[in-house]
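Asks: Sharing a structure here in structure tokens format.
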Amino acid sequence: MAASVSCVQVAVFAPLRQLFDYLPPAAGLPPQPVGCRVKVPFGRGERIGVIVGTAPSAHADDRLKQVIELLDATALLEPSLVALARWAAAYYCHPVGEALGLLLPVELRHGEVLRRLTERGWLLADAGRAALMEGAVRVGPRQRELLQMAQAQALRAATLRALPFDAGRVVGDLQRRGWLLETELDAEAAPALPRTDFLALNEAQAASLADILARRDSFAPLLLQGVTGSGKTEVYLHAAREMLAGGRQVLMLIPEIGLSEQLVQRFRLRFGDTVAVLHSELTERERSLVWERARRGAVGIVLGTRSAVWAPLPRLGLIIVDEEHDPSFKQQEGFRYSARDVAVMRARDAQVPIVLGSATPSLESELNVRRGRYARMLLPSRAGGAAPPTLHGLDVRGLKLHGGLSETLCAAIDERLARDEQTLLFLNRRGYAPVLMCHACGHIAQCARCDARLVLHQGRERLICHHCGTEQRLDVLQKACCDAPEYFTLGVGTEQVEQALRERFPAARVLRIDRDTMRRKGELEAAYAAVRERRVDILIGTQMLAKGHDFPAVTLVGIVDADSRLFAADFRAGERFAQTLLQVAGRAGRANAPGVVLIQTHHPVHPLLQLALRHDYAAFADAALAEREAAMLPPYVSMAVVRAEAVDARAPIGFLQQLRRALDVGPDIDIAGPVPAPMERRAGKTRAVLMLTGLRRAALADALERLIAAANALPTRHRVRWHIDVDPQEAA
């Protein structure tokens, strides 16, 4: 093939939509050049890119420039991954060079070679060995366990993560005492990790596993729908074991980093060092190591968040997407792809099954099942015989609330404390209060850069915008108000609920989990460990707690404010409400003790709430799909949103108006707008939106191709920043 090639197509790692043709390098090309990196002349300089295709000698052009250097003797990227990234770039209207750049570690994007990778480790010091031999009185049981492990072999981060306690904190204590010494270890030498036995599957789990394995050699989208606590993870583990036994690799996607710690531990305890993890909190060196080991087939399971969908897996045999309904799988900045949908395409290309797991499936997946595109597998009851939680609506109209808590909810917490059981309270609003108002003059603290109110964070004595991050000291606000300001707050956040809990239950151990309290690496894992080790009585938190965690001692879940999403304007608000409520409710009663969920609301007869109280997600999906079909909204139509923003308040809507006039899309596409965005001003910029919908996805794709060409021809395009969001999570 190489002998007949006269030019190569190169995707340059830059925000460019087109490919570029070059003559092969003087030294020639390898037999399979697609996926190899090259250095090419570009403009007045040089760029790094990747070969995505070749053309025979008949297509030679004497004006073509020659590749400066072939950087790889063999392809770094599988042709199938190159093809997947090109498809995704076209589908989501993103520059192909940037899309392909995501497939490589930063070093390789810059044209470098991967360095020998080392990782942090700890060796047993002489003082630590002496402490073990002498049986020092001050050596705690966990310290002793780690010292004994270090006596056998050096401790690695992966080893520590697999332990069922906050091993990082214990290592820090041992290091300060001089009993462990930090060192650099060869990262290629994978640690030996403990392994545990597999649990027996119940009848429904076994049937689901059989369905997966029956399709192991073909593309099959399978929706594993199981109530919270039904043992979906155990099905994943058994399926992964069968794939590894057959020499195949497994890719598992989870929506958030916060879900990874407990899940990773379960996988590592079953499969040891063949499990690798990919998420955004890893350093670039750590990501490079996982990438290289996965590419060489040295790991059997890659478990990660959204970007892990691009991991190189030459022997891919199964893809799992846990909590497939979660909006976190959709990238909201830059390359706006859906990892779940890309995973489905990857499974199709590789001809392997993909399991989409959820207790509350997305309406897109639900409709695909009803249309026969996906197969449904059901886990209708909790594993181990645990009873489902009972849900009760708490009508708080007219009741006095202390820090957002009713006396009924507080009394239920009292009962759990008396029985030495744990309580989880959910409120998806961090800070102390969302509104700070002056009683004397009516002034409300507003963000100067956004159409949004500043949120009071009382512990930090700051007012913070949760949209752009602007901060303001409280004394600055007082100077901008009236002569005799008298402030009061409206609404509650997790900080205020925490304060109320400490006042109402002074002897209880209260822990708050949100982005304000879990800022540093390792804090979230340590917090979850504290909950499981029963060092916490009452847990209050945001979306971080809504799903995926197994807290066996939690028997009471309180939804502090169920009303915030009931009347939201976004067409997905009802779906998000039902999913979040049922996911949070699923944290209660996962062991032998029965679980109770108390939902505080000012709208107890709201039909959406009533459906949720009956634990009837199927009935909700029926009603929601009927509404979407009547309104011609996704998943019954394909949608794309064009967003524009600029400092000049008139530029965005002007640009989109010109774009709509220049656009000829045909009768198959409906266009709405342009209109101001729901939050018109954000981070100092004015925003506007244009929405396109169509019954046929191909028609929408054609319209977007024309739209890009029309936008690039407009002289006003340089006055705004604009992008296209295909299959948006929000319509505006």
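The values are calculated or read from the model by the stated rules, or taken from the named source; none is laboratory data. Nothing here was measured: the structure is a model prediction, and the numbers come from that model. Cβ sites come from the backbone with ideal geometry, for glycine too, and all protein chains shown count toward neighbours.
Asks: Which of the residues belonging to the range 339-358 are outside any helix (DSSP H, G or I) and surrounded by 23 or more Cβ atoms within 10 Å (Cβ to Cβ)?
Replies: Listed by number, the residues that qualify are VAL352, PRO353, ILE354, VAL355, LEU356, GLY357, SER358.
Asks: Could you run through the range 522-537 and say how many residues are without any contact (Cβ under 8 Å) to a residue 40 or more places away in the chain and either aromatic (Phe, Trp, Tyr) or outside the structural domain of VAL557 (by TED's automatic domain parsing) (or both)?
Replies: 0
Asks: How many of the residues making up the range 537-568 are among the hydroxyl-bearing types (Ser, Thr, Tyr) and surrounded by fewer than 24 Cβ atoms within 10 Å (Cβ to Cβ)?
Replies: 2
Asks: In the range 559-593, how many residues are modelled with pLDDT under 80 and hydroxyl-bearing (Ser, Thr, Tyr)?
Replies: Total meeting the criteria: 1.
Asks: Within the range 217-263, how many residues are under 19 Å from ARG306 (Cβ atoms) and of a type in the set (A, V, I, L, M, F, W, C)?
Replies: Within the range 217-263, residues that are under 19 Å from ARG306 (Cβ atoms) and of a type in the set (A, V, I, L, M, F, W, C) number 8.
Asks: Can ARG430 be described as over 28 Å from the mean Cα position of the chain (by Cα), at pLDDT 90 or above and under 22 Å from CYS410 (Cβ atoms)?
Replies: no
Asks: If I ask for residues that are under 26 Å from the mean Cα position of the chain (by Cα) and surrounded by 22 or more Cβ atoms within 10 Å (Cβ to Cβ), which ones from the range 687-706 would you list?
Replies: ARG687, VAL689 - these are the residues of the range 687-706 that are under 26 Å from the mean Cα position of the chain (by Cα) and surrounded by 22 or more Cβ atoms within 10 Å (Cβ to Cβ).
Asks: Which condition does ASP420 not pass, out of (1) over 30 Å from TYR617 (Cβ atoms); (2) acidic (Asp, Glu); (3) in a helix (DSSP H, G or I), if it passes all the others?
Replies: Exception for ASP420: condition (3).
Asks: Let me ask something else. Residues that are farther than 20 Å from VAL352 by Cβ: which strands (runs of 3 or more DSSP E) entirely in the range 208-317 hold 1 or more of them? Outline the logic, then answer.
Replies: Details: elements: 220-226, 249-253, 275-278, 301-304.
Where strands (runs of 3 or more DSSP E) fall fully within the range 208-317 and carry at least 1 residues being farther than 20 Å from VAL352 by Cβ, they are 220-226, 275-278.
Asks: For the range 448-460, what are the residues that are within 16 Å of GLY493 (Cβ to Cβ) and without any contact (Cβ under 8 Å) to a residue 60 or more places away in the chain?
Replies: Of everything in the range 448-460, those that are within 16 Å of GLY493 (Cβ to Cβ) and without any contact (Cβ under 8 Å) to a residue 60 or more places away in the chain turn out to be ARG453, LEU454, VAL455, LEU456, HIS457, GLN458, GLY459, ARG460.
Asks: Identify the residue in the range 344-366 that is in contact with a helix residue (DSSP H, G or I) (Cβ under 8 Å, 6 or more places away or on another chain) and small (Gly, Ala, Ser) and, among all such residues, is nearest to TYR236 (Cα to Cα).
Replies: That would be GLY357.
Asks: Can you pull out every residue in the range 481-532 that is within 17 Å of GLY404 (Cβ to Cβ), assigned to a loop (DSSP other than H, G, I, E, B) and of a type in the set (Gly, Ala, Ser)?
Replies: Scanning the range 481-532 gives GLY491, GLY493, ALA508.
Asks: I'd like the full set of residues that are aliphatic (A, V, I, L, M) and modelled with pLDDT under 90, limited to the range 107-119.
Replies: VAL113, LEU114, LEU117
Asks: Now, a different point. Of all residues in the range 364-385, which are surrounded by fewer than 20 Cβ atoms within 10 Å (Cβ to Cβ) and either touching a Phe, Trp or Tyr at 6+ places or on another chain (Cβ under 8 Å) or among the hydrophobic types (A, V, I, L, M, F, W, C) (or both)?
Replies: LEU367, VAL369, ALA375, LEU378
Residue-by-condition table, conditions (1) farther than 20 Å from PRO33 by Cβ; (2) among the aromatic types (Phe, Trp, Tyr); (3) not in a helix (DSSP H, G or I):
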{"site": "LEU76", "(1), (2), (3)": "no, no, yes"}
{"site": "LEU81", "(1), (2), (3)": "no, no, no"}
{"site": "LEU84", "(1), (2), (3)": "no, no, no"}
{"site": "GLU107", "(1), (2), (3)": "yes, no, no"}
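Asks: Name the single residue that is surrounded by the most Cβ atoms within 10 Å (Cβ to Cβ) among those in the range 569-584 being of a type in the set (A, V, I, L, M, F, W, C) and more than 21 Å from ALA383 (Cβ to Cβ). First the steps, then the outcome.
Replies: Taking the range 569-584 and keeping what is of a type in the set (A, V, I, L, M, F, W, C), we get 569, 571, 573, 577-578, 581-582, 584.
Cutting the leftovers down to more than 21 Å from ALA383 (Cβ to Cβ) gives us 569, 571, 573, 577-578, 581.
Working: ALA569: 9, PHE571: 17, ALA573: 16, PHE577: 22, ALA578: 22, LEU581: 26.
Restricting to residues being of a type in the set (A, V, I, L, M, F, W, C) and more than 21 Å from ALA383 (Cβ to Cβ), the top hit is LEU581.
Asks: Identify the residue in the range 699-716 that is in contact with a helix residue (DSSP H, G or I) (Cβ under 6 Å, 6 or more places away or on another chain) and in a helix (DSSP H, G or I) and, among all such residues, is nearest to LEU663 (Cα to Cα). Don't jump to the end; show me each part of the working.
Replies: Applying the first criterion (in contact with a helix residue (DSSP H, G or I) (Cβ under 6 Å, 6 or more places away or on another chain)) to the range 699-716 yields 710-711, 714, 716.
In the following step, the residues that additionally are in a helix (DSSP H, G or I) were identified as 710-711, 716.
Values: ALA710: 7, ALA711: 9, THR716: 15 Å.
The extreme case among them is ALA710.
Asks: Can ARG643 be described as crowded, with 20+ Cβ neighbours inside 10 Å, more than 20 Å from TYR92 (Cα to Cα) and among the basic types (Lys, Arg)?
Replies: no
Asks: A further question on this structure: Listed residues VAL50, VAL34; which is under 21 Å from ASP349 (Cβ atoms) and assigned to a loop (DSSP other than H, G, I, E, B)? I'd like the intermediate steps shown before the answer.
Replies: Numbers: VAL50 fails: assigned to a loop (DSSP other than H, G, I, E, B).
On inspection, the qualifying residue turns out to be VAL34.
Asks: Tell me, yes or no, whether the range 328-335 has at least one residue that is outside any helix (DSSP H, G or I) and of a type in the set (Phe, Trp, Tyr).
Replies: Yes, some residue in the range 328-335 is outside any helix (DSSP H, G or I) and of a type in the set (Phe, Trp, Tyr).
Asks: Check LEU391, LEU405 and return the single one that is of a type outside the set (Phe, Trp, Tyr), surrounded by 21 or more Cβ atoms within 10 Å (Cβ to Cβ), touching a strand residue (DSSP E or B) at 6+ places or on another chain (Cβ under 7 Å) and not assigned by TED's automatic domain parsing to the domain that holds GLY304.
Replies: The conditions single out LEU391.
Asks: May I pose another question? Tell me yes or no: at least one residue of the range 591-604 is part of a helix (DSSP H, G or I) and out of contact with any strand residue (DSSP E or B) (no Cβ under 8 Å at 6 or more places or on another chain). Please lay out each step first, then the result.
Replies: Quick first cut of the range 591-604, residues part of a helix (DSSP H, G or I) only: none.
Taking every residue of the range 591-604 in turn, none turns out to be part of a helix (DSSP H, G or I) and out of contact with any strand residue (DSSP E or B) (no Cβ under 8 Å at 6 or more places or on another chain).
Asks: GLU333 - would you say it is without any contact (Cβ under 8 Å) to a residue 12 or more places away in the chain, among the charged types (D, E, K, R) and closer than 28 Å to GLN262 by Cα?
Replies: Criteria met by GLU333.
Asks: Only one of CYS481, CYS447, CYS468 is touching a strand residue (DSSP E or B) at 6+ places or on another chain (Cβ under 6 Å), surrounded by 14 or more Cβ atoms within 10 Å (Cβ to Cβ) and not assigned by TED's automatic domain parsing to the domain that holds GLN499; which?
Replies: So the residue among CYS481, CYS447, CYS468 that is touching a strand residue (DSSP E or B) at 6+ places or on another chain (Cβ under 6 Å), surrounded by 14 or more Cβ atoms within 10 Å (Cβ to Cβ) and not assigned by TED's automatic domain parsing to the domain that holds GLN499 is CYS481.
Asks: Among the residues of the range 194-251, how many are buried (at least 18 other Cβ atoms within 10 Å of the Cβ) and on the phi > 0 side of the Ramachandran plot?
Replies: Final tally of qualifying residues: 2.
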